[in-house]
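Heads up, the thing below is written out as structure tokens.
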Amino acid sequence: MQNHNRRKMVEMKGVAKYFGTLKALDDVSLDVYDGEKVVIIGPSGSGKSTLLRSINRLEEVDYGSIVVDGHEINDPKTNINKVREEVGMVFQQFNVFPHKTVLANLTLAQMVVRKRSRQESEAIANELLKKVGILGKAHEYPTKLSGGQQQ
């Protein structure tokens, strides 16, 4: 696919990450363009989560550069929290608030971080639930959902 007219959303060049003597990422280079969908697969321990955590600077890389939507994330002048507002990630060990409904879990960050109204946040949350096929679970509590539905 030609990407000449599309903006690079993630650009990794020569990224390396070590945990002691273990090389988790070895000279990784990757470009992800606006609207592109990318799947990262590999065996357990191959660095998939480390790569994703590095994009959010939840892991500091030892070498290389990572640019997210035009922001060099390892630059001390970059406000990483502003970058993180635009980058979504689902963790392997996810945490939802068990005392809040699915809808309340999905609207909380929108209202706190994005300063959206409850009405706008609920509309977005309902659209997302519809997209993944669990709109009917909006008023359920997490204990009533499977692990995949919670993610």
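The values are calculated or read from the model by the stated rules, or taken from the named source; none is laboratory data. As the structure is a prediction and not an experimental result, all values here were calculated from the model. Note that we place each Cβ from the backbone using ideal geometry, even for glycine, and neighbour counts take in every protein chain shown. Areas reflect the complete protein model, heavy atoms only, side chains present, ligands, DNA and RNA absent. Shrake-Rupley method; radii C 1.70, N 1.55, O 1.52, S 1.80 Å.
Longer than 28 Å from Cα to Cα, which of Lys17/Lys37; Lys13/Lys115; Lys77/Lys130; Lys8/Lys144; Lys8/Lys82 are they? Say none if no pair is.
Check vs 28 Å cut-off fails for Lys13/Lys115; Lys77/Lys130; Lys8/Lys144.
So how tilted is helix 118-131 from the main axis of the chain? Cα-based, degrees 0 to 90, rounded to 10.
70
Return the carbon/sulfur percentage of the accessible area of the chain, one whole number, probe 1.4 Å, all protein chains in place.
Carbon-and-sulfur percentage of accessible area, whole number: 51.
What's the local net charge at Gly70, with K and R +1, D and E -1, over the other residues with C-beta under 14 Å away? Mind dumping the intermediate values first?
Working: positive: Arg6, Arg7, Lys8, Lys77, Lys82; negative: Glu11, Asp31, Asp34, Asp69, Glu72, Asp75, Glu86.
Overall, the nearby charge balance is -2.
Taking Cα pairs under 8 Å and at least six residues apart, what relative contact order does the chain come out at, in percent? Mind showing how you got there, number by number?
Details: 183 pairs, mean separation 27.1, N = 151.
Normalised by residue count, the contact order of the chain is 18 percent.
If you stretched the chain out fully between Ile40 and Tyr141, how much longer would it get, using 0.36 nm times the residue separation minus the C-alpha to C-alpha distance? Could you put the intermediate results ahead of the total?
Values: separation 101, 0.36 × 101 = 36.36 nm, distance 3.04 nm.
Answer, rounded to one decimal: 33.3 nm.
Using the alpha-carbon atoms, what tilt in degrees (0 to 90, nearest 10) does helix 102-112 show relative to the longest principal axis of the chain?
Taking Cα atoms only, the helix is inclined about 60 degrees.
Can you tell me the dipole magnitude for the range 70-130 around its Cα centre, using point charges on the Cβ only (Lys, Arg +1; Asp, Glu -1), in Debye to the nearest 20?
Magnitude of the dipole: close to 220 debye.
Once a ≥ b ≥ c are taken as the square roots of the eigenvalues of the Cα gyration tensor of the range 40-134, is the result rounded (a/c under 1.5), prolate (a/b larger than b/c) or oblate (a/b not larger than b/c)?
Taking the square roots of the gyration eigenvalues as a ≥ b ≥ c, the range 40-134 is oblate.
Placing unit charges on C-beta atoms (Lys and Arg positive, Asp and Glu negative, everything else neutral), compute the dipole magnitude of the chain about its Cα centre in debye, rounded to 20. Don't skip to the answer; put the middle values down first.
Numbers: 22 positive and 18 negative charges, 106 e Å.
That gives the chain a dipole magnitude of about 500 debye.
Accessible area of Ile41, 1.4 Å probe, to the nearest 10 Å²?
Ile41 exposes around 140 Å² with every protein chain in place.
At 1.4 Å probe size, with every protein chain present, just tell me what the per residue accessible area of the chain comes to in Å².
For the chain, the solvent-accessible area averages 69 Å² per residue.
Keeping every protein chain in place, order Met12, Met111 by accessible area at 1.4 Å, biggest value first, i.e. largest first.
Met111, Met12
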